[in-house]
Each structure stands twice: as structure tokens, then as C-alpha cells.
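To start, the structure itself, in C-alpha cells.
The values are calculated or read from the model by the stated rules, or taken from the named source; none is laboratory data. A quick note: this is a predicted structure, and the numbers were derived from the prediction, not measured. Quick reminder, even Gly has a Cβ in these numbers, built from the backbone with ideal geometry, and neighbours come from all protein chains shown. Quick note on the areas: whole protein, heavy atoms, side chains included, nothing else; ligands and nucleic acids left out. Shrake-Rupley method; radii C 1.70, N 1.55, O 1.52, S 1.80 Å.
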Amino acid sequence: MLLDITLVSQDKLVVVGERGHILLSSDGVQWQQAQVPVQTTLTAVYFVDEMHGWAVGHDATILASKDGGLSWQIQQHLPHVQKPLLDVLFHDVDNGIAVGAYGLFYRTQDGGENWQIEYHNEFLYPEDQAYLAELKSQDEEAYLDEQGSILPHFNRVVADGRTLYLVGEIGLIAKSNDFGVSWQKFDEIYQGSFYDINRTQEGNLLVVGLRGHIFRSLRNGTPWQQSSSHVTALLSAIVLSDDQRIFILGNNGVVLESQDDGASFTKHIQKDGKALIAGVWYKNNIVAVSDVGIKTIKVTK
């Protein structure tokens with residue numbers, strides 16, 4: 001099972017997945033395995049330039065590469081945390097964040113030499129904030145335990161210029177203009193989880209999640225309009241083509257295509273029905289990762 005893919009340059013793709021697998025390709029067809037010091041499942045990969053990349057995964061693991069993904073070094077590995085990191089994002093070679101389950105959030109300002117944990121209680125309901133404050137005054141140890149389990153899962157963080165967008169559990173959509181130091185939640189539009197958010201080619205926001213839910217915003221988050229997906233599968237990833245099309249990947253072999261900036265979608269169900277977890281637009285096709293490895297999906301116009 002492979003869980004994420006990124007386009008480092010026009011001639012380099014990097015994917016990550018189960019048992020610490022990291023694979024590289026210069027053509028999307030032939031793949032070579034990188035040297036990786038862990039066998040932990042890796043969930044996300046991000047490169048800030050052609051040489052500097054980071055991968056994150058289970059056990060709050062963070063790996064770094066300085067040679068374009070050929071070799072990787074451990075920056076953080078915390079089996080006692082027993083929570084996965086689910087995404088990673090860098091602003092430059094020094095400043096990065098990694099997010100994950102139960103509000104897991106780490107920040108580095110030195111390229112990952114040191115990672116500091118942060119708790120973003122602005123995502124809690126007021127009654128939960130009050131509960132935590134009371135618990136902290138009574139039992140510090142119980143407070144720390146609860147703090148690490150009460151926040152929602154952070155599934156995906158993306159950069160759009162200077163603005164970051166974060167999506168996650170319990171309908172979480174938020175934005176930050178200070179690289180994640182503080183967050184502003186959007187009004188709730190759906191109680192289920194969201195797994196990806198992106199800005200369309202025409203400048204609108206698109207968010208996807210559980211049970212085929214797709215929402216589109218023409219005004220940066222207010223209001224949101226639901227787009228019909230005609231499916232009930234979990235939708236996991238948004239892929240933008242270079243010819244103004246939008247593709248959404250999901251479970252059960254779901255590939256959705258929009259030619260009107262996300263207002264409507266048509267279905268292209270893959271015959272094997274395997275879950276498509278992430279993808280990139282590469283040489284006029286989608287290169288996707290799935291629970292059966294790498295798949296090239298041809299999507300002629």
C-alpha cells in the first residue's frame with residue numbers, strides 16, 4: 001500500500017507508503033527504492049525544492065532528505081506517542097509543520113533539527129476548552145493525556161500563497177495567515193471528515209471528504225455550495241490538470257472529472273475498484289498511489 005505521491009520536478013516523482021517504503025521515478029514507469037532507516041508506515045511526503053524533502057508517518061515519525069529523496073535520515077521517531085502524522089508542509093528549507101491524528105502538530109524553524117509540539121485548542125468547542133482548563137488546574141498529568149486525545153484529526157494542510165488551509169475530522173476547515181501559529185475556523189458545513197482542499201484553476205476553493213461529499217466556495221470559504229459527486233465513496237484527493245480539468249480520487253476506484261471548475265462531475269470508475277489515495281498530474285495522465293501500488297490513469301479529453 002502506497003499513501004502519498006509528490007511531483008518534485010518534471011523528471012522526478014516520489015511516493016511513500018507501508019513499511020517505510022519510499023520510491024523514486026524519473027518517468028512514472030520505472031521506480032527505484034530509496035534508502036530508508038525505518039519500517040514505519042509513511043503517510044505523506046513534501047519537497048520544498050528539488051533536493052530537500054520530508055516524509056512523515058506513524059509513531060510521529062519525521063524523515064528528511066537532502067539529496068532529492070535518494071537517502072533519508074530520522075529527525076523524529078516517537079513510538080510511545082502511538083499516533084500517526086498525516087501531512088507535512090514546509091515554507092522554506094528551515095520552516096515546516098507536520099500534522100496528524102488527535103490534533104498532533106509539530107513545528108520546526110531549523111530544517112527539522114528540532115521539532116516542537118503545539119496544541120491548537122482554538123479547534124475545540126468552548127465547553128471542551130473550559131473542561132481542559134479545569135483539568136489542568138487539578139491534575140497536570142491527566143490534562144496532558146486528555147490534551148493529546150480531545151482534538152480532531154488533522155488530515156491535510158496545503159499552502160495557497162501566504163495562506164495555509166487545514167482540513168480534518170468533524171467537518172474541520174480552517175485557514176492561517178501566519179504559517180499555522182493561529183487558525184481561523186470556517187463555519188461548519190458538514191459533520192464528516194474532509195481529506196483534501198485545493199484552489200481551482202479559476203481561483204475557487206474545493207474541499208472533499210467522506211461519503212462522496214464535495215463543496216465549492218466562490219468567495220474564499222463563504223458560502224460553500226455542494227457539488228454532486230454521484231458516489232458515496234470516501235474522496236481522498238484533488239488533482240488539477242494543466243488543461244483546466246479537475247479530478248477527484250477516492251475509494252472503490254472512483255475517479256471524478258470536472259470541466260466546469262468543480263460545479264459538476266462525471267464518473268470514471270476504475271475496473272479493479274481499488275482505493276485511490278493520492279495522485280499528481282504527470283505527462284497528461286494521473287499517476288496515483290493506491291492500496292495495490294502505483295497506477296497510471298489515462299484521462300483523455
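At a probe radius of 1.4 angstrom, the accessible area of the chain per residue rounds to 45 square angstrom. Spin-label pair residue 80-residue 296: with each label point 7 Å from Cα along the Cα-Cβ axis, the two points sit 4.8 nm from one another. Considering only 210, 132, 86, the Gaussian network model of the chain with Cα springs below 10 Å gives its largest mean-square fluctuation to 132. Within the stretch 148-279, the ratio Rg/Rh, alpha carbon atoms throughout and Rh by Kirkwood, equals 0.96.
Pop the C-beta distance of residue 219 and residue 26 into the FRET formula with R0 = 51 Å and round what comes out to the nearest 0.05. The calculated FRET efficiency here is 0.80. With the cut-off at under 18 Å, measuring from each backbone N in the stretch 189-218 to a point 7 Å along the Cα-to-Cβ line of residue 267 picks out 209-215. On the beta carbon distance between residue 185 and residue 70, with R0 = 45 Å, the FRET formula returns roughly 0.65.
Put a dot 7 Å past each Cα toward the Cβ at residue 109 and residue 10; how far apart are the dots in nm? Inter-label distance under the simple model: 3.8 nm.
Here the stretch 214-301 exposes an accessible surface that is 46 percent carbon and sulfur, computed with a 1.4 Å probe and the other protein chains kept in place. Working from label points 7 Å from Cα in the Cα-to-Cβ sense, the residue 259 to residue 243 distance is 1.0 nm. A simple count of charges around residue 65, restricted to other residues whose Cβ falls under 15 Å of its Cβ and scoring Lys, Arg +1 and Asp, Glu -1, yields -3.
Please check which bits of the stretch 166-181 a label hung off residue 211 would reach, taking the label as a point 7 Å along Cα-to-C-beta and the cut-off as backbone N under 15 Å. Label zone hits: 170-172.
Give me the percent relative contact order of the chain, please, defined on Cα pairs under 8 angstrom at least 6 residues apart. The value is 11 percent.
Of the accessible area of the stretch 47-92, computed with a 1.4 Å probe over protein heavy atoms only, carbon and sulfur atoms account for 55 percent. Before anything else, pin down the relative contact order of the stretch 153-298: Cα pairs under 8 Å, at least 6 apart, normalised by residue count, whole percent. Relative contact order comes out at 13 percent. With only Cα atoms counted, the chain has Rg and Dmax values of 18.8, 62 Å.
The charge dipole of the stretch 1-147, taken about its Cα centre with unit charges on the Cβ of Lys, Arg, Asp and Glu (plus for the first two, minus for the last two), comes to roughly 600 debye.
Net length available on complete extension from residue 160 to residue 202 is 13.8 nm, with 0.36 nm assigned per residue and the Cα-Cα distance removed. Rounded, prolate or oblate: which one fits the stretch 201-260, using the alpha carbon gyration tensor with axes a ≥ b ≥ c (rounded when a/c is under 1.5, else prolate when a/b beats b/c, else oblate)? It comes out oblate by the Cα gyration axes.
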